[in-house]
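The values are calculated or read from the model by the stated rules, or taken from the named source; none is laboratory data. Keep in mind it's a predicted model, so treat the numbers as computed, not measured. Backbone-built Cβ (ideal geometry, glycine too); neighbour counts: all protein chains shown.
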Amino acid sequence: MGKSTINAELCAKMFLAGAKNLEANKEWINELNVFPVPDGDTGTNMTLTIMSAAKEVAGLESVNMETLARTISSGSLRGARGNSGVILSQLLRGFTKGIHDTEEIDVITITEAFQKAVATAYKAVMKPKEGTILTVAKGFADKATELALTENVEMEELLETSLKYAEEVLAKTPEMLPVLKEAGVVDSGGQGLVQVLKGAFDAYLGKEVDYTIEKPESTGEPAQADTRTEADIKFGYCTEFIIMTRKPMPQEEEQKFKAFLESIGDSIVVVADEEIVKVHVHTNDPGVAITRALTYGELSRMKIDNMREEHREKLIRDAEKVAAAQAAEQPKKTMPHKEVGFISVSIGDGIGEIFKGLGVDYLIEGGQTMNPSTEDMLNAIAEVNADTIFIFPNNKNIILAANQAQALTEDKKIIVIPTKTVPQGISAIISFDAAKTPEENEEAMKEAISLVKTGQVTYAVRDTHIDDKEIKEGNIMGIGDHSILAVGEDIAEITKETIGLMIDEDSELISVYYGEDITEEDAHALGDELQEQYPDCEVEVYEGGQPIYYYVVSVE
């Protein structure tokens with residue numbers, strides 16, 4: 001039988017159980033995505049988000065409610081990926097604010113925390129839609145609040161009844177969003193939230209749950225070819241830790257702390273938000289760094305590596321393995337200071353080269369096949385040495401994570417251009433004018449992306465009915481900005497049909513980016529056909545190298 005209150009230890013178990021249950025069901029949740037595309041990733045994004053926090057919780061040596069709340073909030077916030085992951089992180093952030101100052105959670109506290117969770121999540125979404133994870137969360141919170149007003153309601157009854165009601169709300173989401181009804185699925189994000197709640201409730205009831213969570217991996221530097229001698233290693237210990245701050249670290253204090261670390265070492269990374277500070281430093285005296293850090297709060301995830309010993313071990317490692325890791329990693333070097341910098345999400349080597357050619361300072365690999373996290377964005381921001389940084393998410397499912405990184409950055413002006421596709425990102429960067437102010441460029445870029453129509457050609461991973469089209473597994477689909485435009489069996493024909501539905505009398509430019517599964521010969525043959533068919537338009541063909549999508553095309 002459940003308890004009348006929840007202490008920090010039980011709360012941690014409930015959170016870990018919720019995370020594990022979501023992870024166990026992530027592929028099923030992925031399949032609930034409306035479009036039957038190979039990169040349907042709601043379950044994956046939500047799992048990566050909550051597991052980022054779960055690993056932090058699993059690494060805590062001792063648990064109290066304040067530390068637990070900070071860890072869940074910060075871990076999920078930084079690990080948030082995709083719209084569903086960002087919304088989940090905001091739900092967790094709001095909930096933990098409600099329990100932060102308690103020793104044990106009672107019925108009133110938990111219902112108030114649920115309401116804070118919903119309010120925080122709704123606030124994070126510019127145009128909230130009903131029939132989504134937000135609706136399911138609100139239904140759960142409202143039912144809990146209703147029950148809390150009932151005399152002598154027990155915690156177990158409140159949680160069980162609210163969970164059942166959340167499932168009822170989830171079942172009704174197809175009636176709220178026609179696109180769900182047409183596809184015959186419930187909202188995938190809402191289903192993900194229900195799985196978290198189910199796992200947490202099982203742990204509350206004392207059911208046997210595997211709480212094992214993989215411990216956090218090092219945030220140290222990636223493997224790379226090392227040509228140094230031991231004498232070249234000036235500072236011998238790679239030191240990492242997280243400070244659980246007692247209060248937010250002011251910008252001035254953060255700079256003082258960085259200056260102190262620079263006086264005792266190099267390779268300094270200090271990333272702070274209102275609840276934690278992540279620290280990385282190479283030094284000869286880790287104890288000095290740790291002692292100074294303890295003046296700001298408790299320490300977690302402490303890790304000290306002897307780099308000279310590691311250097312000796314590296315010399316006998318498999319050279320090919322190290323070289324492969326090096327090739328996959330972007331060069332690490334201090335960029336010269338500039339007034340304006342650019343960060344772009346990219347989805348293939350060819351597209352990455354195009355962005356670099358347009359002056360992008362930092363590429364985040366990911367896009368459609370793996371949405372980058374808020375922390376990926378923050379790491380990119382830290383690398384770009386500019387006063388103002390424009391971020392181009394190039395995917396509608398990455399914009400919220402970019403906005404979250406923007407809110408967490410205080411020392412640089414971050415402007416997120418809400419590009420939903422790669423062609424929009426390219427057009428936005430091309431429209432940049434160094435003579436204009438950041439605000440003027442933001443306006444010009446948003447105007448530029450409004451003029452771009454994008455199509456993407458891929459294959460269906462399941463049978464479904466959507467946009468008045470019967471789709472069978474394996475069909476080729478041409479997907480426009482708002483709907484599926486064409487379905488068939490031939491890649492080139494579907495690509496031409498898709499473009500034909502995007503063209504109008506004002507169209508002047510057709511751009512074709514071919515993916516890793518298309519040969520250069522086939523791509524240029526398609527380009528020649530398009531040029532013949534649309535003589536009034538200029539047709540340009542580029543190697544994109546993107547996975548999953550045979551072609552990404554745009555019409556301007």
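Taking (1) β-branched (Val, Ile, Thr); (2) touching a strand residue (DSSP E or B) at 6+ places or on another chain (Cβ under 7 Å); (3) closer than 24 Å to residue 539 by Cα in turn, residue 430 satisfies each apart from (2). Meeting the requirement of 1 or more residues that are among the aromatic types (Phe, Trp, Tyr), the helices (runs of 4 or more DSSP H) wholly within segment 1-116 are 8-24, 26-30, 82-99. Entry remark, segment 56-103: residues being in contact with a helix residue (DSSP H, G or I) (Cβ under 8 Å, 6 or more places away or on another chain) and surrounded by fewer than 20 Cβ atoms within 10 Å (Cβ to Cβ) number 9 in total. If you filter segment 463-482 down to residues that are of a type outside the set (Val, Ile, Thr), surrounded by 14 or more Cβ atoms within 10 Å (Cβ to Cβ) and at negative phi, you find that the one that is modelled with the lowest pLDDT is 469.
Take segment 508-547 and flag every residue that is small (Gly, Ala, Ser) and either over 24 Å from residue 347 (Cβ atoms) or not in a loop (DSSP other than H, G, I, E, B) (or both). The answer is 511, 523, 525, 527.
How many of the residues in segment 139-157 are surrounded by fewer than 22 Cβ atoms within 10 Å (Cβ to Cβ) and of a type in the set (A, V, I, L, M, F, W, C)? Working first, answer last.
Going residue by residue through segment 139-157, those that are surrounded by fewer than 22 Cβ atoms within 10 Å (Cβ to Cβ) are 139, 142-143, 145-157.
Imposing the further condition that a residue be of a type in the set (A, V, I, L, M, F, W, C) reduces the set to 147-149, 153, 155.
The number of residues fulfilling the criteria is 5.
Does residue 427 qualify as being under 28 Å from residue 350 (Cβ atoms) and surrounded by fewer than 21 Cβ atoms within 10 Å (Cβ to Cβ)? So residue 427 does not fit the description; no. Have a look at 79, 59, 94 and point out the one that is out of contact with any strand residue (DSSP E or B) (no Cβ under 7 Å at 6 or more places or on another chain) and of a type outside the set (Phe, Trp, Tyr). None of the other options fit; the residue is 94. The number of residues in segment 353-388 that are assigned to a strand (DSSP E or B), in contact (Cβ under 8 Å) with a residue 40 or more places away in the chain and closer than 26 Å to residue 52 by Cα comes to 1.
Candidates in segment 260-275 are the residues that are modelled with pLDDT under 75 and not acidic (Asp, Glu); of these, the one that is farthest from residue 53 (Cα to Cα) is 267.
For residues that are polar (S, T, N, Q) and part of a helix (DSSP H, G or I), scanning just segment 137-171, find the one that is farthest from residue 184 (Cα to Cα). It would help to see each step written out before you state the result.
As a first pass, look at segment 137-171 and keep what is polar (S, T, N, Q): 145, 150, 152, 161-162.
Then drop every residue that is not part of a helix (DSSP H, G or I), which leaves 145, 161-162.
Working: 145: 31, 161: 26, 162: 25 Å.
Step by step, filter segment 137-171, then rank; the result is 145.
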